[in-house]
Every structure is written in C-alpha cells, then in structure tokens.
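Novice: Sharing a structure, written as structure tokens. Questions coming.
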Amino acid sequence: MTESLHPEETLTRLLLVRHGQTAETEKGKLYSNPMAKLTELGTSQIIAIANWISKEKPNTLLSSAAHRVVSSAQIIEKTTKLKAVAIEDLNEWHVGNWEGLTYLEVKKNQREIYDRWVNDPIHNAPPDGESIHDVCQRVQKKLLSIIKEYEGKTIILVTHAGVIRAITLYALSIPIENFWRLAIPVGSISKIDFSNNFATVHYLSFIPD
C-alpha cells in the first residue's frame with residue numbers, strides 16, 4: 001500500500017489565551033469596557049503564561065484591542081520576542097447597557113428583559129448590545145481570515161472568554177446553544193489545530209503554574 005491513511009495537511013495552530021484577572025471579572029460583572037486593567041494577580045497569571053508558552057515556538061502574536069488584553073499581550077511579547085497585532089473583531093461580547101452589572105443586578109432591575117434573554121440567551125441581545133449569535137458570526141468570520149493569512153503558523157491569540165468559546169464551538173462543530181457550557185477562566189490557555197478538513201482540540205483552559 002502506498003496511499004497514506006491520513007494524508008498530511010498543513011496545520012495552523014492557535015494558542016488561545018484569555019487575559020488575566022481584572023477587578024470586573026473578580027466581581028462577576030458583565031463588561032465590555034475597553035479600558036479595564038489587569039489586577040496584580042492578573043499580571044502574575046500572564047507572566048506564568050509568558051514563561052510557559054515560548055516552548056510552543058509561536059510565530060505570530062495577535063490580540064483584541066481591549067486594554068486588559070493588550071497589556072497581557074505586551075507581557076507575552078517579552079518572552080516570545082514577537083510584536084502583538086491588535087484586531088478589533090477579536091473584542092469581547094458587547095453587553096450594551098448591562099455594562100458593569102452582574103446578572104443578579106440585571107435580573108432585579110430589568111426583569112422583563114432578563115427573562116426574555118434567559119429564555120433564549122443566544123439570539124436575544126442586551127439592550128444596545130450584541131447577541132451571542134452575532135458574536136459567534138463575527139469571531140468565526142475573523143478566525144477563517146486569520147487561518148488563511150497565517151496558514152501553517154503557530155499563533156498566540158490573546159483575547160476573551162466569549163471569543164475563545166466561539167472559536168471552540170466552530171472547531172468542534174458544536175451547536176451554538178452550548179456556548180455557555182464552556183468554562184474559560186482568566187489566565188488560561190487553549191490549544192487548537194486547524195487544517196482545511198478538520199480541527200483538533202488538544203486542551204481547553206489549561207492554567208500554567
């Protein structure tokens with residue numbers, strides 16, 4: 001037999017890093033705030049990632065445009081010697097006028113809107129915000145563009161929980177209704193390989209020591 005059972009394909013590797021802790025994430029708040037800053041713990045989380053991730057021999061470093069993510073990417077720049085490129089389409093779910101609120105506060109003060117959202121948290125959006133369906137469409141479109149542009153490379157992508165969820169759903173062909181079932185902690189790394197015909201998730205939400 002001369003034909004390979006699994007023909008070799010060009011793999012594009014994504015190392016998906018969620019930014020470090022912020023005061024908002026610690027308090028369980030919904031926020032899109034592009035100026036939110038890392039806490040001291042959040043900085044130490046990303047230092048641990050930066051020290052660990054260089055062994056993956058990355059070629060490219062991308063990030064969202066939010067301050068907490070750019071700050072995280074700048075820490076990773078120091079160990080990888082890569083210059084981060086910020087991409088607006090990798091920003092987090094825009095929560096509209098739920099900005100800075102917890103889910104309990106939304107439930108208490110906007111009960112009718114909250115109940116409608118809970119009934120379908122994928123297609124209903126916060127007032128003046130995005131639906132999860134819209135987030136996934138935005139992120140997955142940009143993902144395909146990134147894979148095409150950086151084909152065959154190992155890419156560090158520093159971003160947000162919602163973005164990593166959207167990419168993971170696409171990689172595994174998981175129905176979008178499972179979006180909220182994926183836990184992506186701050187300061188974690190997920191590793192996914194993409195080719196023209198398949199994707200392989202090596203690990204999800206790994207936290208380096």
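Novice: Quick check: anything in segment 112-133 over 26 Å from A50 (Cα atoms) and touching a strand residue (DSSP E or B) at 6+ places or on another chain (Cβ under 9 Å)?
Specialist: No, every residue in segment 112-133 fails to be over 26 Å from A50 (Cα atoms) and touching a strand residue (DSSP E or B) at 6+ places or on another chain (Cβ under 9 Å).
Novice: Report yes if T43 is buried (at least 19 other Cβ atoms within 10 Å of the Cβ), at pLDDT 95 or above, of a type outside the set (G, A, S) and over 16 Å from the mean Cα position of the chain (by Cα), otherwise no.
Specialist: Here the answer is no, as T43 does not meet what is asked.
Novice: Six or more apart or on different chains, Cβ atoms under 7 Å: show the pairs whose first residue is in segment 45-72 and under 13 Å from K83 (Cα atoms) and whose second is part of a helix (DSSP H, G or I) and small (G, A, S).
Specialist: L61/A73; S63/A73
Novice: Sticking with this structure for a sec: Is there any pair with a first residue in segment 175-191 that is farther than 15 Å from Q45 by Cβ and a second that is of a type in the set (V, I, T) and part of a loop (DSSP other than H, G, I, E, B) whose Cβ atoms are under 8 Å apart and which are 6 or more apart or on different chains, and what are they?
Specialist: I176/I122; E177/I122; F179/I122
Novice: Assess whether S54 counts as being surrounded by fewer than 17 Cβ atoms within 10 Å (Cβ to Cβ) and under 16 Å from L14 (Cα atoms).
Specialist: So S54 fits the description; yes.
Novice: In segment 170-204, which residue that is touching a Gly at 6+ places or on another chain (Cβ under 9 Å) and β-branched (V, I, T) is surrounded by the fewest Cβ atoms within 10 Å (Cβ to Cβ)?
Specialist: Restricting to residues being touching a Gly at 6+ places or on another chain (Cβ under 9 Å) and β-branched (V, I, T), the top hit is I184.
Novice: Would you pick out the residues in segment 62-92 that are crowded, with 16+ Cβ neighbours inside 10 Å and part of a loop (DSSP other than H, G, I, E, B)?
Specialist: If the condition is that a residue be crowded, with 16+ Cβ neighbours inside 10 Å and part of a loop (DSSP other than H, G, I, E, B), then S64, A66, L82, A84, I87, N91, E92 are the ones that fit.
Novice: Across segment 91-124, which residue is farthest from the chain's Cα centre (by Cα) among those that are under 13 Å from K29 (Cα atoms) and polar (S, T, N, Q)?
Specialist: Top of the filtered list is N97.
Novice: Scan segment 27-61 residue by residue and report those that are among the β-branched types (V, I, T) and assigned to a helix (DSSP H, G or I).
Specialist: T43, I46, I47, I49, I53
Novice: Is there a residue in segment 92-112 that is among the small types (G, A, S) and at positive phi?
Specialist: The answer is yes, given that some residue of segment 92-112 is among the small types (G, A, S) and at positive phi.
Novice: OK, next. Hey, among V106, V85, which residue is under 24 Å from N51 (Cα atoms) and modelled with pLDDT of 95 or more?
Specialist: That would be V85, the only listed residue that is under 24 Å from N51 (Cα atoms) and modelled with pLDDT of 95 or more.
Novice: Suppose we keep only residues that are under 11 Å from the mean Cα position of the chain (by Cα) and small (G, A, S) within segment 136-169. Which one would you say is surrounded by the fewest Cβ atoms within 10 Å (Cβ to Cβ)?
Specialist: Once the filter is applied, the top-ranked residue is A161.
The values are calculated or read from the model by the stated rules, or taken from the named source; none is laboratory data. Computed from a predicted structure; not experimentally measured. Methodologically, a virtual Cβ is constructed for each residue, glycine included, from the backbone with ideal geometry; neighbour enumeration extends over all protein chains shown.
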